[in-house]
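The values are calculated or read from the model by the stated rules, or taken from the named source; none is laboratory data. Being a predicted model, the structure only gives us computed values, none of them experimental. Here the Cβ positions follow ideal geometry from the backbone for every residue, glycine too, while neighbour counts run over all protein chains shown. Note: areas computed on protein heavy atoms with side chains; ligands, DNA, RNA excluded. Shrake-Rupley method; radii C 1.70, N 1.55, O 1.52, S 1.80 Å.
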Amino acid sequence: MTIKHEKIRWQDLVYRTGLGEDELKRIPASSCENNITELDYYVNSLGIREERLFEGVSRLPEDFKHPGNWLSPIDEIRFHVNMFRNAPDLLTHYDAYKAGLHFKHSGDSLFLVLVRLMSLPRTLREMAKHVRKFNNEYNLTPLGFSPGHTFLLLEDFPYYREISLGHECHFVRGMLAANFEMHDVLEYDVREIVCGKKIANIVEKVYGRYGWSYHEDARGIYIDNRRIGKRIALKSTRLDKHDVFMGEIDEHGVDANGVLIVEDFNFRGRKIFSRGEIYEAPYCFFGLKWKETGLFKRILSCLPSKKRNRKEMIREMEEQIEFTHAKLFELNETLNESERKSRIFRVYTRSSLAEYVDSGRDPTLFEPREENRAILFNDLRGFTSISEKMRPIDVVSFLNEYFDIMNNVILENRGEIDKLIGDCIMASFERCDDAVRASIQMKERVLDYNRMRVEKRLTPVSFGVGIGYGPVVIGNIGSDSKMDYTLIGDTVNSASRIESLTKHYHVGIVISREVFDNLSGEYCVRPLGLAHVKGREAPVNLYEVFDYEPEEIRNKKIKYIPELNRAFELHAKEYFAEAGRLYVWLIDTMGPHRYQKDLCLDPVLNFFLSTCVSNCPRWPP
């Protein structure tokens, strides 16, 4: 028997670590377009001989100068190691900033004219959106945009984080500064708040020619037996729905996710590591500040500075504006297509996942995490009997109508639809109040929907809602070929079981004790006593929410809560006859149901009475 081994795509290799040289060679890591200006800077500004930069690099210098060519990680690393080894003077990893800044000298290309005419925020967003067209080493995510201020997250792919030299973030910082200067912005600041690069890689690959030793023990990190850093836990901050690390140390944290430089390390009068810097964070994080120039000044900056007559200047300006209009039209078409795809993607998956993808992040890399969530299940009653009288195509139309109403309510109340399971909806909420409000509004809106169905001589619909609250695990479930980003855990299972109990109690909305305890608003809620839920050994306390009921029913339910609690106490003590008599009195007091035969106005009383009757040898007592 022959076993066929499927070759792993390079697109999947970027998310792995421990790759061999053959696997690394398959990855197109960096477009040569990224390196053309960089090569010019190293050769003409630093004086490094071109042939020395290409020692051990499989690409020829002439290949390097064609934007359509790409470098493998092996070639890219060797090229930059050669740069540090062959520089006439000491070259630090910070000096890559100057290579990035050299982009402002790339000439008056049409692309750079377009860049100059864009506003800075637009340029940064376009750079982040299209970063994968120039590299497969990292993603860029702009966060917290405000006038003259933003943050930028640079997150290496796992394979590249493992092998990168450590200078790359300073090269990007230089490119950002070049972007400011191309916009004639003289007042700006590009600061790296935390760095995701590995100190061991920097010491070995950037400064390997100097033979420094590196080791680590429980006390800290050492270079040439000098303690220069220690492991720390970084505290996260919420920014644009992202948890980011902005350099604040969690003194009580137990999981180390960064290295703090505790002592300056200099060599030949140059800074190598500075006290207070943070390395080995989960990513590099930049803070950008600037004072932007106006559009007319940006247009003037596109023109060469040589003196010329007014007609010639106007002609060139018109040509540049015409070209810019054409490019902006192309960009707008691309943006519309991107937004269309994003809109389609949001329909077929959860909104938070779509936001992650839109920002350039890769959800397949997310580690599972545990958080508290309110889980809501909504299940149609009698769906089988309704659907068996309909054609399959009509069943789909009916479900789409129903889901459209329910899903809109969930989204309006800051919920997230996790999945649609047949005729059932599963949704999650960060706050219990949002989940309860959504369930009430579902009941209210279905009244209008049912009026429309009755007018069309269609059967009205009914549904039950169950809500639980507690810890869930949020993450990717599945395999490389098929994956679902979802929530799992006992809280999810319990919420589903609670919803199923609404049929037995003949009520519309049932919530758990955990939900009840975490409500801050005021609602019409009454206890339903203890119930055994499948999967739980101990019985759970349940409550009914009935804000959506007509005023007459709401008032009666509230009025007789003390008597109902008394009946529950007798029931719990197995005084079934006494409890049954109290239920009978409550049933007579409430009066008959308006359209359900053999039920009273408060059908839950009929349920509890039936349990008393089944447990009472002689009934009536």
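Please give the contour-minus-distance gain from residue 598 to residue 146: 0.36 nm per residue of separation, less the Cα-Cα distance, rounded to one decimal in nm.
Residue separation times 0.36 nm, minus the Cα-Cα distance, leaves 156.4 nm.
Any chance you could run the full-extension gain for residue 49 through residue 249? It's 0.36 nm times the residue separation minus the Cα-Cα distance, nm to one decimal.
67.6 nm
By the gyration tensor of its Cα atoms, with a ≥ b ≥ c the square roots of the eigenvalues, what is the shape of region 532-576: rounded for a/c under 1.5, prolate for a/b over b/c, or oblate?
Note, shape of region 532-576 comes out oblate.
As an exercise, use a Förster radius of 51 Å and the Cβ-Cβ distance of residue 490 and residue 559 to find the FRET efficiency, rounded to the nearest 0.05.
Efficiency, from the Cβ-Cβ distance: 0.90.
Would you tell me the accessible area of residue 230, worked out with a 1.4 angstrom probe on the heavy atoms of the protein chains, in Å² to the nearest 10?
Spelled out: residue 230, probe radius 1.4 Å, area about 80 Å².
Just how much of residue 39 is accessible, in Å², when a 1.4 Å probe is used and the result is rounded to the nearest 10?
10 Å²
Starting from the residue with the highest accessible area, list 542, 19 in decreasing order, probe 1.4 Å.
Reading off the accessible areas and sorting them downward yields 19, 542.
Need one number: nm distance between label points at residue 572 and residue 482, each 7 Å from Cα along Cα→Cβ, rounded to one decimal.
Taking the simple label geometry, residue 572 and residue 482 are separated by 4.6 nm.
What figure, in Å² to the nearest 10, do you get for the accessible area of residue 272 with a 1.4 Å probe and non-protein molecules left out?
0 Å²
Testing the spin-label approximation: label points 7 Å from Cα along Cα→Cβ at residue 399 and residue 447. State their distance in nm.
The modelled label-to-label distance comes out at 2.9 nm.
Using R₀ = 56 Å, calculate the FRET efficiency as 1/(1 + (r/R₀)^6) where r is the Cβ-Cβ separation of residue 274 and residue 414; round to 0.05.
0.85
If you rank 534, 503 by how much accessible surface each has, with a 1.4 Å probe, what is the order from largest down?
534, 503
Quick one: length gained pulling residue 89 to residue 267 fully straight, 0.36 nm per residue minus the C-alpha distance?
So the extension gain works out to 62.9 nm.
Using a Förster radius of 45 Å, what is the FRET efficiency between residue 289 and residue 389 based on their Cβ-Cβ separation? Nearest 0.05, please.
0.10
Among 198/235; 98/271; 419/443; 98/205; 98/230, which pairs are too far apart, with a Cα-Cα distance over 22 Å?
Pairs exceeding the cut-off: 98/230.
With the cut-off at 1.5 for a/c, could you classify region 563-621 from its C-alpha gyration tensor as rounded, prolate or oblate?
Here region 563-621 falls in the prolate category.
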